[in-house]
Each structure stands twice: as C-alpha cells, then as structure tokens.
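Beneath this line is the structure, given in structure tokens, with notes to follow.
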Number of protein chains: 4
Amino acid sequence: MSNTFGKIFRITTFGESHGAGNGVVIDGCPAGLEFDEAFIQAELDRRKPAQSAIVTQRKEGDIFQTLSGVFEGKTTGAPIALWIPNENAKSQDYTHLAYAYRPSHADYTYQAKYGHRDYRGGGRSSARETVARVAGGAVAKLLLKHQQIQITAYTAQVGKVILTKDYHDLDFSLIDQNPVRCPDLPTAEQMEALIREVRKEGDTIGGVIACIIKGLPTGVGEPIFDKLHAVLGKAMLSIQAVKGFEYGSGFAGVSMRGSEHNDIFQTDEAGKVRTLTNHSGGIQGGISNGEDVYFRVAFKPVATLMRPQPSIDGAGKEITLEGKGRHDPCVLPRAVPIVEAMTALVLADFMLRLRLNPLL
Amino acid sequence: MSNTFGKIFRITTFGESHGAGNGVVIDGCPAGLEFDEAFIQAELDRRKPAQSAIVTQRKEGDIFQTLSGVFEGKTTGAPIALWIPNENAKSQDYTHLAYAYRPSHADYTYQAKYGHRDYRGGGRSSARETVARVAGGAVAKLLLKHQQIQITAYTAQVGKVILTKDYHDLDFSLIDQNPVRCPDLPTAEQMEALIREVRKEGDTIGGVIACIIKGLPTGVGEPIFDKLHAVLGKAMLSIQAVKGFEYGSGFAGVSMRGSEHNDIFQTDEAGKVRTLTNHSGGIQGGISNGEDVYFRVAFKPVATLMRPQPSIDGAGKEITLEGKGRHDPCVLPRAVPIVEAMTALVLADFMLRLRLNPLL
Amino acid sequence: MSNTFGKIFRITTFGESHGAGNGVVIDGCPAGLEFDEAFIQAELDRRKPAQSAIVTQRKEGDIFQTLSGVFEGKTTGAPIALWIPNENAKSQDYTHLAYAYRPSHADYTYQAKYGHRDYRGGGRSSARETVARVAGGAVAKLLLKHQQIQITAYTAQVGKVILTKDYHDLDFSLIDQNPVRCPDLPTAEQMEALIREVRKEGDTIGGVIACIIKGLPTGVGEPIFDKLHAVLGKAMLSIQAVKGFEYGSGFAGVSMRGSEHNDIFQTDEAGKVRTLTNHSGGIQGGISNGEDVYFRVAFKPVATLMRPQPSIDGAGKEITLEGKGRHDPCVLPRAVPIVEAMTALVLADFMLRLRLNPLL
Amino acid sequence: MSNTFGKIFRITTFGESHGAGNGVVIDGCPAGLEFDEAFIQAELDRRKPAQSAIVTQRKEGDIFQTLSGVFEGKTTGAPIALWIPNENAKSQDYTHLAYAYRPSHADYTYQAKYGHRDYRGGGRSSARETVARVAGGAVAKLLLKHQQIQITAYTAQVGKVILTKDYHDLDFSLIDQNPVRCPDLPTAEQMEALIREVRKEGDTIGGVIACIIKGLPTGVGEPIFDKLHAVLGKAMLSIQAVKGFEYGSGFAGVSMRGSEHNDIFQTDEAGKVRTLTNHSGGIQGGISNGEDVYFRVAFKPVATLMRPQPSIDGAGKEITLEGKGRHDPCVLPRAVPIVEAMTALVLADFMLRLRLNPLL
C-alpha cells in the first residue's frame, strides 16, 4: 500500500538501489499529452550522481526507457511505465554491510519489520528510489505546463549558511548555474565551501530547500484531511532525510500576533481578489487562494560518513563501520529536483480533482 | 474524498459549525473492543469551549450519541457512528458575514471553489469540525490502550514564551492541571499571562504543541510514501491553523554534522537494540525503531480578532469587519487533545497494518 | 473498509436493523446541486415496508433527516449525511434468536468473524441497511438528472413466472402501478398470485430484476479492473440475496457464434456511431458505447420462513426455529429501487471520473 | 485508477498487446515468501498461446523477468515487479486496423474516450493484458499455498455442450490433460470437436468456466460492499469477454422456494458447524462459512472472426474487415488460468484482511 502516491494522477514505484533498476507506473495521466522524452531525461539528469564535484561520484547514466502507455508520441490514457536500469550496482561494495546496522539508516527497522532485507546499498530504503519519483514527477510537470503552473525549488540553507533574501528578490535562472542550486551566487559559494570542508572531514551536513509555486489557480486543495499543504507536507516528508515541513509563515509565524499575521484582502485593478501580505503561503482552509504557494523542507545531514563509526550487527555484536564507497556529503543539491517532482505529483493530482464539478 | 482519513482504521467526518451538529463514522475498528463511553466523553470535554478563562466562552455541551456499531458495550465490527449535536448554533450572530471574506479564513477559497458556501460560523471550515476528530481519536485511543501505547501532547510555546526543558524532564501529570496545558508550571503561567494580555488587546497569538509517543513497538510505519512521520505530518497539517511540522531533530538538525546527528546503535542488557541518542525521533526509514517518537506542530495566531479589520465582500467592495462573538485568543490549549486524537488515528491504523504478515 | 462505495462520489453507510437507525455519508457530491428532499423521500417510500399487501407488513416511516452538507437548499461540497431513525425496532421480537444460527442468514458467519454479534433482526447484515443505500442513490439520481441519464429497473421474473417481452416493448410507466413492479400487467398478476401462494405456505420465492440505463454518453467506465459492467456487477452482488449478474447477452450469449453475437457498427443520419444489434449491452471493453446499457440481477428466495425449520445454536445444539415476525415472502418488489439506487451510485461516480481529462 | 486491483495485496498492471511488453507490480505481498519462479512460469505457460491445436497459433514465449522485490529467493516486502516482454509483436499485421472499428471490440469506445488509441492488436484492450494478471495471480497462489487454499477452474460449457456433472463427481487431475481444460473427457472431446468445427467456419464460440475454492476458512469477506462474492464477481467481470457471474445456486436458484434453498446447519463429529446443502456457495452475508465456494463465469464468443465482416472506420465510412491473423476460436481453454489468477488475487487480499483484529 505504501508504494503508491496520489488519488487520480497516481504513481507506483518499485526497485532497489542495487537490484536490476527502478521503475514507476503512472496511472491516471490524461490521454493526449505530448510525451516529451528529452524533458523527462533532463529532469533525471538534474538528479543524477556525479554531475558536479560536490556530490557523489558514483556513475549512473540514469537513462530511462518507456515500457508502456505512449503511442505515436502521446500518452494514450493507459498506464505509463518508465524503467531506469541500474548500471553501476557493484554489490560487492556492500557485502560487508550484510549484517551491519548502519547508524541512522533503515537497516535495523527494515530487518525488524520484514525479517530479512536486501542489504545491497540499502535496497529499497536507499534514496536511489527517488529516481522513479523524478521520472513520474517529470510527466506531472508536462501536464502542469499546459496549465501555466511553475514549480521552482532551490537550496535555501546548508548547515548554518542561510540564504536570507526574500524569494521575490531572487533570480531563479541562477539556480541550475551553480552546483549547490542556490539562486544567490555569493551564498552559493559559501554553501559550496562548507560542503567541501565537511566532505574533507569525512562528515556530512544538512540544509533547507525552499519551493515556490506560481500560477496555481484558486480552488486547488480539498478541505479537512486533504488540505493542499497537508498533502504537500506528506509528499515532502516521504522524501529520504526530510525532518520538517512548513509553509507560509511556518514556525516563525507562531510568535506573531493575529493582527500582524492576517492577510488583508483587496481587489486589484482587474477585479481579482488578492491579499496584501501572504503569510498564508497561498493557502487558506487548505485551498489555494491564487497567491504564490511557498514552503520549506528540512533535510538532515546524510547518515553515511566517510569515517569510522561504532555500531552493532544483526546478532547485537559491536562492530566498527568503515566509511567507504561514494556518497553525498550533502543531499541538498540533488534533492532540489526531487522536491520539485513530488510537488508536481501533488499538483497534477489536485488539478485533475479540480475538474470534478459538472455544475460549475 | 477529502473527509476520510486512514486506510484500515478509517474515519469519515461530517457536519458544520452552525448546522445540526458534527459526526464521525469509524470504519475498520476491530470487533470486541470495550466501548468506554465515559472515556470518549472525557476526551471531548478536554477539547470543548469554555473549560477555562483563557479560551472561548461559547457554550457547547459536546455530548456525543452513539448511533451504530456498538452492542452490549462492545464494538461489533460494524461502522461506529458518533454524533455531537450543536447546541448553541446562533446563526444570527453570523448573518453579517454572509458576504464578507474574513482575512486569513477560508471564506474566499470556499466561495471560489464551491460557488456558494455555508457562511454560518465558517460552516465546514470551522475548527468546530475537530470535535468529530476527537471523538474518532478517542476510539482509536481505546484500541491503543490494549497495546500499551501512550500519546502525550502539550503546549511547548505560546508566542515567544518557550518551554525550553527537554521532555524527559517534564511531569506530564501537570499538563491538564493548568489552563494552557503546559507541563512546566512557571512557563505555563507566563503563557497564560501572555494570552490574557493578547486577548485584552482584541488580538490573538500562536504557538507550538509537542507530542510524545511512548510504547510504540518497532516496525510501525511503511516505507516510501506512507512513512510514519509523513502520515503523522499530514495528520497534523490537516488541523486548522497548523503551519509546520517537524519530528526528531527537525529544522534544528539541518545545521548539525552527520557525525553529531547519527544515533549510534547499542544493545541493552535485555538484548534489545537501542540508540544512544534519538535525533531520529524514533523513526528510521519511515519505520519506528522502538525509541520514543516525538514531533512538534506550529499553530498560527487565530484569524478571528476582537477588533476591527478591513476586508472586502463577495462583490469586491471594501468593508470593515467588527470583531464580535466569542473566540479563542489562542488555540493551543484546546488543540492539545486534537493533536493527540489525530496521532491516535494514525497509530491505530498503522498498528492494524502491522499485523498483516502471516509469514512472520 | 467495507462500508464505503465509490471513488469520487462515495457513500459510507452505517446502522443496524434494530439499533437507533441507519445513515449514509455522501462525500464527493458536487456543490450547487439542488437538494430535492421530496424526491429523496419518494425514493425511500418506494423501498419501505408495508407499501402493498405482498410485502412485509412491518411499519417503518423511513423519514430521513439531513444532518449536514446542505445549505439554502443546495449541496455545499461538504459531506452530506442523511439519517433514517428506526421507528419500529422491537428488539423483544428477536431475543429468541440471540443464540440461534438462522439457515442461510449471516448469523453464523458474523459470529465466526467478529466473536460476537448484534442479533437483533440481523443487526448490520439485515437488508434494512439498504435504506441508507437508497437515500444515497437518490442523491446520485439528482445528479444524473442534470445529465439526462435515466435508470429503470423492474421485476422480470418471480419463481418460474418469466416476463419474456423485450424491454423495448414494455411501458415503463406501468412499473410502479402494480405491487410487483413488473411493467407487463398480465405477467405482474401471475407474479403476484405466485407470491400470495408462496406466502400462504409460509414459504418464499426468488426472482430476477432487469435494469435499463438510457442516455448514458459514450466513454463511461474504465478499462481493465474498473470496467463499467464489473463495477455494476459488484454493486449488484453487494445487495443482500443477490446470487448472479449478467449484462448484454449474458449467460445466454455463450452458445452464440461470434458471427451472430458481434454488433455491427453503422453511422446514423446524424453521423453518430451506432450498432445494429446490442448484444454488448451498451458496453465494449468496459466502456459505454452510447447504446442502452442493460443487465439482469438474480435474487434468491428470502431465507426467513414463516414455518418451522431445524437449525443449531451457538453451542452447536439442535433447535427448531419457529417462523414469526413480519417478513417479505419475495424481495423483488422492494428490491427494484435498491437496484436503481446502486446503479445510480455507480454512474454518478463514473460520470464524475469522465471529466478528468483537461486535454480533451 | 483503473489499473490497480486489491486493497492490501494489490496489483497494478501495465503494457499493451504490441508494445514492448506487459508488466505487473505487486504491492503488499508479505515479506519472506519463497519466490518459486518455476511455479510462476508454469502458470504463465498454462495461459500462453500455441499450447494446443485449438488455440491461437501466435508464438509468445511469455518468459517473465523479476525486476524488483525479491532477494536471495524470498520476497522482501518491497513491491515485486514482473515483466513479460512481447516477442512477437508484428505491428504490420495491424496497420490495416488503424482506422477501423472492429465489431464488438473496444476500438470505438477507446477512441471516443481517449481521443486517440494504440491500434496495434487492440493495444491496452487486448486480452494479452491478462498475462500480467496471471503473473500476479501466481504470486498470490504462492501465498495461498501456505494456507492450504486450493483454487480449481475448468471449462464447464462450450456453446451448447454442457458438462452436467456435479463438481463433486469430477476428477480435477484431468483438467490440464486435455486441450479444452474440461475434467470430463467425453465432454471435453465434444467441446474440442465443436471448437474445431467453429474454427473451420472462421467463426468463434463462447462458454462457461466453473471455479471451486476448497480450504477457505470461515470469516473471509467483508459485509456490505466488499462481500466475498461481490469482489469475486467484479474480478471475473473485469476479464475480457466475460458477460455474467453467478455463485452458489445462481440464476437457477431464483425459482426455488426458500424451504428448498435454505442450507440447514448441523454440527459434524468434530464439532465444526457445517451445512447440509450448499446453495449458498460457501458464502453467507458476504462472508465464507467454511464450505466450498463455487461460482460460474460466462464468456461470450471471441469478437475477432476469420471471415469478412462489415464495419465502419473512424471517419464513419463503411468498410469490410478481412479476417486475418492468428486468433482463438474459443477463449475458454486459455481463460481457465486467468479465472484462477483473479480468484487468487481476491483471496490473497481477503486473507490478509482477515488478520486485522488484534482482539480475537
């Protein structure tokens, strides 16, 4: 039950870090969508390893294959299956982990829940699984493009290096022009320096990704349990290493007075209802109000270190884990397209639900 | 689709703030559970208005009726419907709001989404709807009691008054002994003073609720999309006025190094796998590891003020909203049982899913 | 999980035969639908007991109350809860059944599955539960009226009395003008005579209900698992006492040659694609083709007899069940509106799903 | 939404008749199940083309590959993806059909619903899609074997050749020993002769498959909407070419009196509750009662004929379809494993749901 996301536009993912590959089945994608394979591959390329000096140097081509659901360049309404074979699954790198419980990984909990586990590179619990999400999210983005909805995520914090500028003052075109994916170049340089330093120490560091949705019409989201921000929050919290989610004024808003926090309504020249401020983050009562939606996602430092750590094995015996392999010292740069993909999946689903009333 | 929560243990809620009442249908509750009506009523009493001087003085008895699913004091496996009639629905208090869009409320978004709306007290968007969640959550708590799982929420911050103590150093028995529901009495007094001050100004204030789950076995939660913290996050973010969710180290964890943040495994005297620290918040790879689960929920200041505010009406005309009626200056004290109820609903559902493997 | 039906237009039912009453929550009904209470009550009246001499003489007013989801005469998009109190729940009539397993009833299976059971009148397993389905189905019918879709069910067979006319030759206005709900009066009289005879013997008899859907547009239904006829079949088979379902040529079609059975396509004067014959029953590949949809539903003889039967009790002891109470000798007349209600629920759901493609 | 089946043990299928292949993702299969690849392949072999002289001579190896979810010979709890490449997809055979609407096929309804379609061999609407169901069903069967549940389907009727023997008098070991899959050899020969005759005429013929479930414990199935027979019915009606479903006494039972039809309870020597007859087909109130479950499924004659037929094309122009290609004159022999597979999927799902009550 846990490998499917969405109600109308639904993805089901499968695959393991060091198995044959990873795949996604997209069910509920409308027929007639132009299937822009180059765009999908470009999205996968934004996530793939070894794209810059500050991410893991593991080599994966991450070239996807379309198994079903597309005919003569368009979606048919049938389920779209995409498959990304693993190219570089050196299982021998991981045999020393067959019985180890790596700290702050899912080895122990998977073993306890399932009785045995695919220990090769973390198996299903590896963040490699997100390659399938990005593939599915790219198809969702194709659908959202028709509706003039833009999703932009960027690195807003690495360790204690914080991008303090308001998002309105940022040039989003800079995001993919630096390896950290931060749209402010001086801050990006500080972040990159910090990541290099941390990596030199065999250590890792966390950070925050911000995401802005522009062009979302009023009325997106459902009251009560499927509030737009509740589903976005679940989507973000389902990404490996995420520890927190806030939207609009977020945690900082709790110490504001209502009289400061309330977003006053006005009507603009075109007669459109707007708010003077946007502490609501574009969502009121769980439903979009036509303003920008924005939220922030906290990522913990990567659990795999390039230095020895004490742990135990499956028999409870104390062991020392050596740091080896090729790993990210900071997950943020590669997580930016993952945050966007999950956001696109949420919005594609809600945009379809928006159409359900024949009486309006 | 949006009024149902849960996969196996599922609730569907219905009702409006100033309609006939609010109800909940609980489907999937195991048969044979002793239906402790006094406990359920006590949970509703913890949430109800007018229980102290710092919450709304609106009078609601919030006495529930059992419509189905219980026979001879036990659940039968049939859906359990609980109904809480509205006693104090003075619609005339609200007719001045029929065409107004209250700032930071859901009036505008409901109108835009549905074409018309029940404007009496916010209709379905009112936090009064949570009475049905608390009723459903109380039944979930009855089930969790059999499994020795305890859920404890408390007010951890009001405005800038922050409870800084670690939860291990708190006496949870104090929570319900003060009107703010903060387990540290000196802090509780400061919080209460702040709420009184804010109320005097006709203003409101937000805060943070912390929640601790003890006794949860290893293995609860599902990998990938239904991670335990992702579903808890969605549950919390679905509560009115919530702006953020974090678990374990949360947003603060992002500036830690991996070497500080990793929770080292050990085996205790009884042979049980434990972690030395608990930055993971009891969850690894989305699955409980047997340690305490803890998380924090941010609530914005209440949007309804007891002072005039500018706004517009449905025709786009500028109006001034007068503050009247009986409202909470701070939602935190009454939100504590709501956070617990949603937590109980998540856990009851996951505990049932935990049983699904006949091979283990 | 089992008390909810539908994906977008969803009902959740609750209640027992001799408890407080029966209810339905309708979630996903579009906002802005005129809520025609008189129509809903009229549908309930078509199902209620004691409406003619050949059905049970048990008295139930079956007057429904609207608990939520309707404001100023229209649906609001919020869940609509309808409640039908039980007026005539004389539990004392049933205490002799507390430990008995009535033959071909659900007493034994409920006891085995749930460990205890509400034995008053069959509790949740009673066909009284269908009152909630008819209420929900009436709302679905209101929605379908906007779309010019008509659903007509009638009694096509009672015991060996078979209505042999093709449905095109029948006058549907006669259906509700005779107690059997058969649109051919001479056949209706034979059916009625058979039911009277059977009742005199303290016995019961089964039959077949036919159902015709007119005005359904092309494209309704989903390929693969949610084929239109598969979901209709599930809906019908979920009704108490139903033993079979067939659509189009049905079981009789199996002995036809493909060359006889195939429905040849033609274009009518208006350029519309039509078929010369309709062995397909208006559905091809699970999707409506614009022709009439028709199907047949088999009902077994009612299990409750007005004569003694041997059985056992919960301890395995042999007992004799006396026939008492007020029961239907034949369920068909009252099942006609139930078949229509379930059909309406299926179609309302599919009609909403039909709108999901923004590209068409 | 329509490509997923099941609630706990769930399959999602994808693929087209003449695309790259067909696949299935099985989510919710318990961890630790021995993954018997030879058994799964054997099930696929029972369904595959060209296994006898009376089925299509199209060549497909139908060799499956395991893409995920299995490690060291056992399921891991992760989703299991199986992939069956198409070997023999000669699209050129079908280009003449690009614009034709074949009678009683899904060409027209798919075109109308989706705006364009994969016309190669019927695309997604082809019965080739069932290869994925059989693969998924084989995994379900592996799970059911642990629980001593046996599912046996066989051909009970072809055209007017009817197997009249009660299933208790049949030797199921004969089923796979004749090309028709009928357990009575003289009848099988008549059926085979009829199929050969029909094929010679370029025509096709329908039939009935019966299915018997032995070893099912009491308590399987859910009341109200997910009755065991309702879900079985939906599963069967979702198979291509199925026109009807009945269980227990079925359509024949409608002309019985209640006093004949009721299954009298008794206690056997071991104290187990049994019924004297089994008109209930092993299901009462939607829940299994421990007796054999049996049902029958009607299949229409195959729509593809080996002779000319009139039709129209997408522009409404009249055309003549020539019969060519390699097709089944009768679907029954190859449908037997499909019926079993869908039954296994239903039961695996319900058997897991059966475990959900921690109080029993």
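The values are calculated or read from the model by the stated rules, or taken from the named source; none is laboratory data. Small disclaimer: the values here were computed from a predicted structure and weren't measured. Here the Cβ is made from the backbone with ideal geometry for all residues, glycine too, and neighbour counts use every protein chain on show. We work out accessible area using only protein heavy atoms, side chains counted, and drop any ligands, DNA or RNA first. Shrake-Rupley method; radii C 1.70, N 1.55, O 1.52, S 1.80 Å.
Data for the structure
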{"item": "Euclidean distance of C-alpha centroids, the stretch D:32-84 and the stretch C:103-124, integer Å", "result": "41"}
{"item": "Label-point gap, in nm, between A:ARG307 and A:GLN51 - each point 7 angstrom along Cα→Cβ", "result": "2.9"}
{"item": "Neighbouring partner chain Cβ atoms per residue of D:30-43, average, 10 Å criterion", "result": "2"}
{"item": "Net charge contributed by nearby residues that have their C-beta within less than 14 Å of B:ASP313 (K/R +1, D/E -1)", "result": "0"}
{"item": "Portion, in percent, of the accessible area of chain C that falls on carbon or sulfur, probe 1.4 Å", "result": "50"}
{"item": "Fluctuation leader among B:ALA241, B:ALA252, B:ALA106 - chain B, Gaussian network, Cα springs under 10 angstrom", "result": "B:ALA252"}
{"item": "Selection from A:PRO183, A:ILE195, A:TYR294, by position along the positive dipole direction of chain A (Cβ)", "result": "A:ILE195"}
{"item": "Charge tally in the Cβ shell below 11 Å around A:VAL180, where Lys, Arg are +1 and Asp, Glu are -1, A:VAL180 excluded", "result": "-1"}
{"item": "Shape metrics for the protein assembly as shown, restricted to C-alpha atoms - Rg then Dmax, Å", "result": "31.5, 94"}
{"item": "Most to least accessible of C:LYS145, C:LYS59, A:LYS200, A:LYS7 (protein chains only, probe 1.4 Å)", "result": "A:LYS200, C:LYS59, C:LYS145, A:LYS7"}
{"item": "Other protein chain Cβ atoms within 10 Å, averaged over every residue that makes up B:62-69", "result": "4"}
{"item": "Ascending list, in nanometres, of distances separating the A:GLU197 label from those of the other copies (7 Å, Cα toward Cβ)", "result": "3.8, 9.1, 9.8"}
{"item": "Chain D - accessible surface per residue (Å², probe 1.4 Å)", "result": "31"}
{"item": "Check: the protein assembly as shown dipole with +1 on Lys, Arg Cβ and -1 on Asp, Glu Cβ, in debye", "result": "0"}
{"item": "Chain C: DSSP helices with Cα axial extent of at least 24 Å and average Kyte-Doolittle hydropathy no lower than 1.0", "result": "C:332-353"}
{"item": "B:ASP169, B:ASP292, D:ASP107, C:ASP36, reordered so the largest accessible area comes first (probe 1.4 Å)", "result": "B:ASP169, C:ASP36, B:ASP292, D:ASP107"}
{"item": "Separation of the D:ALA42 and D:GLN147 label points, Cα + 7 Å toward Cβ, nm", "result": "2.2"}
{"item": "Charge context of C:TYR154, other residues only, Cβ under 10 angstrom, K/R +1, D/E -1", "result": "-2"}
{"item": "Helical contribution to [θ] at 222 nm, DSSP H n ≥ 4, -39,500 (n - 2.57), averaged over the protein assembly as shown, rounded to 500", "result": "-7500 deg cm²/dmol"}
{"item": "Size of charge dipole - chain D - debye, nearest 20, with Cβ of Lys, Arg +1 and Asp, Glu -1, no other charges", "result": "800"}
{"item": "Theoretical FRET efficiency, 1/(1+(r/R0)^6), r = Cβ-Cβ of D:THR320 and D:ASP292, R0 51 Å, to 0.05", "result": "0.55"}
{"item": "Solvent-accessible surface (1.4 angstrom probe) belonging to A:ARG10, in square angstrom, nearest 10", "result": "40"}
{"item": "With all protein chains modelled, accessible area of C:TYR294 [1.4 Å, Å²]", "result": "50"}
{"item": "Dipole axis of the stretch A:4-353 (+1 Lys, Arg; -1 Asp, Glu on Cβ), positive-most option in A:TYR167, A:GLY206, A:ALA156", "result": "A:GLY206"}
{"item": "Long-range HN-HN contacts of C:ILE319 with modeled amide H, under 5 Å", "result": "C:SER311, C:ILE312, C:ASP313"}
{"item": "Cα→Cβ-extended label distance, 7 Å offset, between C:ALA193 and B:LYS200, nm", "result": "9.2"}
{"item": "Alpha-carbon centroids, the stretch C:256-302 and the stretch A:217-254: separation in whole Å", "result": "47"}
{"item": "Inter-chain Cβ neighbour average for residues D:201-209, partner chain, 10 Å", "result": "4"}
{"item": "When each of C:LYS141/C:LYS214; D:LYS141/D:LYS272; A:LYS7/D:LYS141; C:LYS227/D:LYS113; C:LYS214/D:LYS317; C:LYS243/D:LYS7 is checked by Cα-Cα distance, pairs over 19 Å", "result": "D:LYS141/D:LYS272; A:LYS7/D:LYS141; C:LYS214/D:LYS317; C:LYS243/D:LYS7"}
{"item": "Area hidden from solvent between B and A (accessible, protein heavy atoms only, 1.4 Å, total, Å²)", "result": "8200"}
{"item": "Compactness index (Cα Rg / 2.2 N^0.38 Å), chain C", "result": "1.03"}
